[in-house]
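The structure appears below as structure tokens.
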Amino acid sequence: SHNAIIASPSNRPPNKYPAGNYFPAAASAVGFVNYNNSIGGDYHLRSSSPYKNAGSDGKDLGADMNALDAAIAGVR
């Protein structure tokens, strides 16, 4: 649980997932810093995002973007 599933497909509606998940209708509702149509954007969450600090561990939902950025720095 504690996932944000963007635009859940009609064959997999929210009631098919465990409780505690979130279902934003579009990526624009997530509150990414700069989604950029999923082409090299900045996927950190804005401080105003409803998913900021919403994880079961009190961290942002999704990947730890700071750790990911550090792990791939300098890699092409």
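Read-outs: derived from the displayed coordinates by stated rules, not from any lab. In this text the structure is predicted, and so the values were computed from the model without any measurement. Cβ sites come from the backbone with ideal geometry, for glycine too, and all protein chains shown count toward neighbours.
When the residues of the range 10-45 are filtered to those that are of a type in the set (Ser, Thr, Tyr) and assigned to a strand (DSSP E or B), which remaining residue is nearest to residue 76 (Cα to Cα)?
Within the range 10-45, the first condition is being of a type in the set (Ser, Thr, Tyr), and the residues that meet it are 10, 17, 22, 28, 35, 38, 43.
Filter once more, so that each one left must be assigned to a strand (DSSP E or B): 22, 43.
Working: 22: 33, 43: 18 Å.
The residue in question is 43.
Residue 56 passes every criterion in (1) in contact with a His (Cβ under 6 Å, 6 or more places away or on another chain); (2) under 20 Å from residue 7 (Cα atoms); (3) not aliphatic (A, V, I, L, M) apart from (2). May I ask you to list the residues in the range 11-53 that are within 17 Å of residue 1 (Cβ to Cβ), surrounded by fewer than 13 Cβ atoms within 10 Å (Cβ to Cβ) and in contact (Cβ under 8 Å) with a residue 12 or more places away in the chain? 18, 19, 20 - these are the residues of the range 11-53 that are within 17 Å of residue 1 (Cβ to Cβ), surrounded by fewer than 13 Cβ atoms within 10 Å (Cβ to Cβ) and in contact (Cβ under 8 Å) with a residue 12 or more places away in the chain. Scan the range 1-10 for residues that are touching a Gly at 6+ places or on another chain (Cβ under 8 Å) and exposed (fewer than 10 other Cβ atoms within 10 Å of the Cβ) and the total you get is 0.
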